[in-house]
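Following: one structure in structure tokens, then a few remarks.
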Ligand code: B1M
């Protein structure tokens, strides 16, 4: 049953059919499917396929946009259930998150924001295309413990290093920890730019964020 549903969810993203993606998210909730499983096994592989198609010239920017829109609609239905499933309510840290300047990819960053907030973090999501200094200004304003910087383009990855420099210039390092992520980002890149943590996915991001706060996951 779940496998069929996940396959249909994948297909709804590949076809950029937002209405169908929403409808399938409702069906998943009714069938008692874990919201995170629906996202990770349904929508995410659909998005990966569209990305591969784009990479080899079989899909174009409007296809990416429609796929992203479908995934966002589906996630909006699943989000309240995912939030409700968060068992820890005690705030374990304050996190400022955003996608770095020049980069408008928002879905992965929003998924990380959602996981952190369900896992007990107070999350301040700055959105996409965020100037480097804005991360530092917000971190100071909310007395953040953690800054998370997402980058989906090889051309915007250097912006993650610039955010670390902005935090240093604001006198917030090393107290404020920095976690980086995004499809082209790697552990070795994170080490190279002096980030404290890296994760390749949203669930791992929660574990890394917790461990940076001195908590086990
Ligand atoms: Co763009 N895009 N895109 N795109 N896009 C990619 C990233 C690309 C890999 C596609 C490809 O070529 N195969 C490619 C980048 C190549 C590169 O530099 N290495 C690319 C390109 C080239 C571009 C444009 C330049 C295209 C153009 O205009 N010619 C352009 C750039 C615009 C800009 O940002 N300035 C562009 C535009 C777009 C859209 C706007 C159309 C759309 C985004 C819409 C939106 O977000 N509202 C889009 C999309 C949808 C994609 C793909 C297909 C999917 C991204 C996505 O949402 N994935 C993507 C291909 C791909 O990644 N397979 C592609 C689903 C999401 C759940 O995964 O974002 O990886 P992801 O997040 C994961 C992990 O990475 C991790 O956890 C998340 C959840 O598991 N993670 C973190 C992410 N952030 C983290 C932060 C952390 C920790 C973990 O700590 C802080």
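The values are calculated or read from the model by the stated rules, or taken from the named source; none is laboratory data. None of these values were measured; they are calculated from a predicted model. Using ideal geometry, Cβ is built from the backbone for each residue, glycine included, and neighbour counts are taken over all protein chains shown.
Are any residues in segment 53-68 over 15 Å from residue 152 (Cβ atoms) and either surrounded by fewer than 15 Cβ atoms within 10 Å (Cβ to Cβ) or at pLDDT below 90 (or both), and if so, which ones?
56, 57, 58, 60, 62
Give 128, 123 a once-over and let me know the one that is closer than 21 Å to residue 183 by Cα and either crowded, with 20+ Cβ neighbours inside 10 Å or touching a residue at least 12 places away in the same chain (Cβ under 8 Å) (or both).
128
If you check residue 102 against the conditions, is it near the ligand (Cβ under 9 Å from one of its atoms), closer than 24 Å to residue 180 by Cβ, assigned to a loop (DSSP other than H, G, I, E, B) and under 18 Å from the mean Cα position of the chain (by Cα)?
On the way: near the ligand (Cβ under 9 Å from one of its atoms): yes; closer than 24 Å to residue 180 by Cβ: yes; assigned to a loop (DSSP other than H, G, I, E, B): yes; under 18 Å from the mean Cα position of the chain (by Cα): yes.
For residue 102, the condition - near the ligand (Cβ under 9 Å from one of its atoms), closer than 24 Å to residue 180 by Cβ, assigned to a loop (DSSP other than H, G, I, E, B) and under 18 Å from the mean Cα position of the chain (by Cα) - is met.
Which residues, counting only those in segment 16-75, are in contact with a helix residue (DSSP H, G or I) (Cβ under 8 Å, 6 or more places away or on another chain) and at positive phi?
Selection gives 16 alone.
Filter segment 1-21 for residues that are surrounded by fewer than 17 Cβ atoms within 10 Å (Cβ to Cβ) and not in a helix (DSSP H, G or I); which is modelled with the highest pLDDT?
So, considering only residues that are surrounded by fewer than 17 Cβ atoms within 10 Å (Cβ to Cβ) and not in a helix (DSSP H, G or I), the one modelled with the highest pLDDT is 15.
In the set 24, 64, 36, which member is within 23 Å of residue 85 (Cα to Cα), free of Cβ contacts under 8 Å to residues at least 60 places away in the same chain and assigned to a helix (DSSP H, G or I)?
24
When segment 143-175 is examined, which residues are found to be farther than 21 Å from residue 103 by Cβ and either in contact with a strand residue (DSSP E or B) (Cβ under 8 Å, 6 or more places away or on another chain) or surrounded by 14 or more Cβ atoms within 10 Å (Cβ to Cβ) (or both)?
Passing the criteria: 143, 145, 168, 170, 172, 173.
Out of curiosity, is residue 45 under 18 Å from the mean Cα position of the chain (by Cα) and more than 13 Å from the ligand (Cβ to nearest atom)?
Working: under 18 Å from the mean Cα position of the chain (by Cα): yes; more than 13 Å from the ligand (Cβ to nearest atom): no.
No; evaluated as a whole, the condition is false for this residue.
Identify, please: which residue in segment 174-189 is within 17 Å of the chain's Cα centre (by Cα) and under 18 Å from residue 95 (Cα atoms) and is, among those, farthest from the ligand (Cβ to nearest atom)?
178
Out of everything in segment 76-87 that is within 23 Å of residue 207 (Cβ to Cβ), touching a helix residue (DSSP H, G or I) at 6+ places or on another chain (Cβ under 7 Å) and assigned to a helix (DSSP H, G or I), what residue ends up being modelled with the lowest pLDDT?
83
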